[in-house]
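Let me begin by presenting the structure, written as structure tokens, before commenting on it.
Read the figures in this text as sums done on the coordinates, not as results from a lab. Predicted, not measured: the structure shown is a model, and the values here were computed from it. Heads up, the Cβs are rebuilt from the backbone with ideal geometry, glycines too, and the neighbour counts pull from every protein chain shown.
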């Protein structure tokens, strides 16, 4: 976004600020922590039901091990929130929410493999290949990715076939070389290289994490039958918070302790990884993340109260300490 | 199939034999070699157009390298033939035919990895990870698998949304732990073990190769709008030829030379792999394959001339020398 467009957006934000604050009561009663925790529980329950362990048990156990290993469940929660913002109900979006987590889990299992990041621990537990072996870990990832699509198609109710096909397509391109996979390839290519420019860093993150976050938000709205303008707004919201999320991740890697993060701090510097703080410094990185979140929330103003959860999630992204 | 049912089916086959031979002229003019070669060319052309190399080029090149490495293209050809048998046209099924080959290619790339079969060559060329590295090979497989679903949805024309969703679902379950992935897991588990029984061997092949072959045939018919009875017949046809194909593969591994096979012969014995010849002997294996092909073709009798290509493919499976 160029400066002029951004200034305009900021002005709009200020102009419409009182409009948001008309709903001060709703905002005041909205407790993000409770909201996230309730939603997480709903998602966990649905994920637990999504895989039945049958013969040959080992592969179902390996998939479940990583799928049910906890985490923020941010993608499913975004999907459900976006569906509700667009006039849908949670039940419509739950199968897609689960599929998003299956896909995300696949990317973590494969990312942790010795041929990739070679990580022994993830979320405080041994990584999939450390428990089940590399061969099964590769297959568990493949199994989750393949299953995600059939799960969406066979479990989604009360959604038109046309919208469901759009969701399948959106998920597919968000993971393929046009999305997550493309971002990971570039990330691997620039590992240990310091001469990375901001465009490349943005490309990596817009694809590696951004594409699936965007799909999470947009799919929720597609399922609810949202029109193109709504989809566009939500897509811009999601791309902005996706990038902000990554910037704050990079900042926390420098400023937070390992205890706060629940994972090793200072990993990026040790790996000589190009990050936003390494290009911009800490303060400018924080300012840019703040700007992206403001821009994201500008997109949601027309939805008034219905946007409160997504706005709060955007705020949480910049304010989080882990 | 128990003996009684099989005898009945054989009797039906004999009873209706003259019915097939009424169409002797069409059968006589049908040349399978030309048919397969023409279809292969059509599929190759469509596959070449299916991937455009854009930034970051490396991942698109890695995917293309394996996707365009040749092979019989049996799955796409089965899909197109089944679509035509069911009254559809080739164009309706071509995107799904390509998607089947993307999925099959993913399974080969991941199967060849050092953590799996650790193969350096495939179809006379270096395997994907030998050229691009293990990390890229894993991602190329993931990319192909994810892309297959979006490709079907965005490229298929003249097919109802309901039928298209059924194809997505069928493909998904054919690859997931309920299909190919489940078969591979069991195959790995029994590697080097001689105490495998016929049920387990059947399970492995029905899943590892059978599920995707069955999806190839059934998806072609779904795209053409076939009714349930047709889908059932084609599903049984496909499951029978899938198993026959594997039995003959095992037989050829013992009886053919490496030159004839285009790959190392005697690999199974060397790897102490349980095979059909190791359980049944060569002659009984051939007899069982013949029986399965006969049973497969019994299913196709009601389709008369339209079934000629699929019947010829079934015959080719038992008669091939490589």
**Prompt:** Which single residue of chain A puts its beta carbon nearest to the axis of rotation relating A to B, and what distance, in whole Å, does that give?
**Reply:** A:161, 2
**Prompt:** Measuring from a point 7 Å out along Cα→Cβ, what nm distances, shortest first, does residue A:283 have to its partners in the other copies?
**Reply:** 9.0
**Message:** With the alpha-carbon atoms as the only input, what is the per residue convex hull volume for the stretch B:154-203 in Å³?
**Reply:** 91 Å³
**the stretch A:190-322: translational diffusion in µm²/s, Stokes-Einstein, Kirkwood Rh over Cα pairs, 4 °C, 1.567 mPa s** = 83 µm²/s
**Prompt:** If eta is 0.890 mPa s and T is 25 °C, what Stokes-Einstein diffusion coefficient results for the stretch B:32-91, Kirkwood Rh from Cα pairs, in µm²/s?
**Reply:** 192 µm²/s
**Request:** Throw me the Rg/Rh for chain B, computed over C-alpha atoms with Kirkwood Rh, two decimals.
**Result:** 0.96
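Once Rh for the stretch A:64-109 is found with the Kirkwood sum over Cα pairs, what is the Stokes-Einstein diffusion coefficient at 4 °C and 1.567 mPa s, in µm²/s?
It comes out at roughly 119 µm²/s.
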**Prompt:** Computed over the Cα atoms of the protein assembly as shown, what is the convex hull's projected area averaged over all directions, in nm²?
**Reply:** 29.3 nm²
**Complete:** Distance in Å, no decimals, from the C-alpha centre of the stretch B:71-87 to the one of the stretch A:243-322 is 50 Å
**Request:** Between the alpha-carbon centers of the stretch A:161-179 and the stretch B:173-227, tell me the distance in whole angstrom.
**Result:** 26 Å
**Prompt:** Regarding the stretch A:70-229, what is the average projected area of its C-alpha convex hull, in nm²?
**Reply:** 10.1 nm²
**Request:** Taking a label point 7 Å out from Cα toward Cβ, give me the nm distances from residue A:44 to the same spot in the other copies, shortest first, one decimal.
**Result:** 5.5
**Complete:** Summing -39500 (n - 2.57) over every DSSP H run of at least 4 in the protein assembly as shown, dividing by its residue total and rounding to the nearest 500, the 222 nm mean residue ellipticity is -22500 deg cm²/dmol
**Complete:** Output row for residue B:272: copy-to-copy label distances, label 7 Å along Cα→C-beta, ascending, in nanometres, one decimal, is 4.5
**Asked** From Cα coordinates alone, what are the radius of gyration and Dmax values for the stretch A:28-154 in angstrom?
**Response** 15.3, 51
**Fill in**
Between residue B:29 and residue B:319, the two model label points (7 Å from Cα along the beta-carbon direction) sit apart by a distance in nm of 2.0 nm
